[in-house]
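> My questions all concern the structure below.
The values are calculated or read from the model by the stated rules, or taken from the named source; none is laboratory data. Bear in mind the structure is a predicted one, so any value in this text is a computation, not a measurement. Heads up, the Cβs are rebuilt from the backbone with ideal geometry, glycines too, and the neighbour counts pull from every protein chain shown. All accessible areas refer to the heavy atoms of the entire protein, side chains included, with ligands and DNA or RNA removed. Shrake-Rupley method; radii C 1.70, N 1.55, O 1.52, S 1.80 Å.
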Amino acid sequence: MSMSIDRAPARSATRDLAQIAVFAALIVVLGLPGQISIGSAGVPITLQTLGVMLAGSLLGWRKGVLSVLAVMVIGLALPVLAGGRTTLTSLASPTAGFLIGWIPAVIVIGLLTAWLMPRYRLIPGLLINILGGIVVIYAVGVIGMLLRTDLTVGAAIAANGVFLPGDLAKAVVTAVVAQQVHKARPGLIAPLRRRRPVAA
């Protein structure tokens with residue numbers, strides 16, 4: 001009995017590491033199609049933010065952050081970011097804020113998704129993805145552009161408008177996938193809220 005209890009934390013840790021590795025790999029794979037830069041600001045369109053949204057909504061904020069950090073660490077040595085960029089190359093560019101924004105984005109998505117649990121609902125999930133995966137990333141990205149370029153606040157915000165439809169589509173895809181996964185595997189993310197006791 002004690003042996004089985006002792007093995008439980010080890011199995012849990014192994015499962016967590018496997019999930020982190022899988023989502024780090026997913027984010028890397030989503031960067032393989034490359035990037036498309038539109039406009040003078042040069043902000044790239046990539047699929048990797050879809051992986052960030054999925055990590056937060058399926059793994060929660062802790063494992064989601066570790067997945068994102070794993071990609072950034074690997075990116076110090078290998079060009080795993082979209083467009084064949086390394087982490088240092090990306091951080092040295094005017095769009096560095098969009099990469100840095102992955103961390104607060106996955107935290108916001110993960111925490112608010114946990115708040116939804118134990119039942120993931122499509123519309124609230126979509127709104128959470130929009131807040132974390134679009135509003136947060138754009139806010140950090142725009143701040144980075146203001147620090148690295150001569151753009152005004154209005155111009156920096158306007159430069160990102162062309163990417164909004166694609167990012168909204170990613171938020172929708174993430175919400176649909178998350179709803180199905182959480183329905184099939186309840187308990188994947190621990191609820192942040194405690195259930196109120198039912199009165200007798």
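> Please give the helices (runs of 4 or more DSSP H) falling wholly within the range 75-120 in which 2 or more residues are out of contact with any His (no Cβ under 7 Å at 6 or more places or on another chain), over 22 Å from Ile143 (Cα atoms) and open to solvent by 50 Å² or more (accessible area, probe 1.4 Å).
Values: elements: 87-91, 96-100, 102-116.
Counting at least 2 such residues, we get 102-116.
> Here's something else I'd like to know. Kindly indicate the residue of the range 155-167 that is hydrophobic (A, V, I, L, M, F, W, C) and under 18 Å from the mean Cα position of the chain (by Cα) and also surrounded by the fewest Cβ atoms within 10 Å (Cβ to Cβ) among those meeting that condition. Don't jump to the end; show me each part of the working.
To start, the set of residues in the range 155-167 that are hydrophobic (A, V, I, L, M, F, W, C) comprises 155-159, 162-164.
Add one more test, that the residue is under 18 Å from the mean Cα position of the chain (by Cα), and what stays is 163-164.
Numbers: Phe163: 22, Leu164: 12.
Ranking the qualifying residues of the range 155-167, first place goes to Leu164.
> Shifting gears a bit: Residue check: is Leu66 buried (at least 17 other Cβ atoms within 10 Å of the Cβ), modelled with pLDDT of 95 or more and under 18 Å from Ala171 (Cβ atoms)? Don't jump to the end; show me each part of the working.
Details: buried (at least 17 other Cβ atoms within 10 Å of the Cβ): yes; modelled with pLDDT of 95 or more: yes; under 18 Å from Ala171 (Cβ atoms): no.
Taking the combined requirement at face value, the residue does not satisfy it.
> For the range 139-154, how many residues meet the condition of being in contact (Cβ under 8 Å) with a residue 40 or more places away in the chain and within 20 Å of the chain's Cα centre (by Cα)?
So the answer is 5.
> Kindly indicate whether Ile157 is touching a Leu at 6+ places or on another chain (Cβ under 6 Å), among the hydrophobic types (A, V, I, L, M, F, W, C) and closer than 30 Å to Leu91 by Cβ. Give the derivation first.
Working: touching a Leu at 6+ places or on another chain (Cβ under 6 Å): no; among the hydrophobic types (A, V, I, L, M, F, W, C): yes; closer than 30 Å to Leu91 by Cβ: yes.
Taking the combined requirement at face value, the residue does not satisfy it.
> Under the condition of being at pLDDT 65 or above and open to solvent by less than 20 Å² (accessible area, probe 1.4 Å), which residue from the range 21-45 is farthest from the chain's Cα centre (by Cα)? Full working, then the answer.
Restricting attention to the range 21-45, the residues satisfying the condition of being at pLDDT 65 or above are 21-33, 45.
From what's left, open to solvent by less than 20 Å² (accessible area, probe 1.4 Å): 24, 27, 31.
Details: Ala24: 10, Ile27: 9, Gly31: 13 Å.
In this case the residue turns out to be Gly31.
> Could you go through the range 116-138 and let me know if any residue there is among the basic types (Lys, Arg) and farther than 17 Å from Leu59 by Cα. Walk me through how you get there before you give the answer.
Just the residues of the range 116-138 that are among the basic types (Lys, Arg), to begin with: 119, 121.
Right, trim to farther than 17 Å from Leu59 by Cα and you get none.
For the range 116-138, residues among the basic types (Lys, Arg) and farther than 17 Å from Leu59 by Cα: absent.
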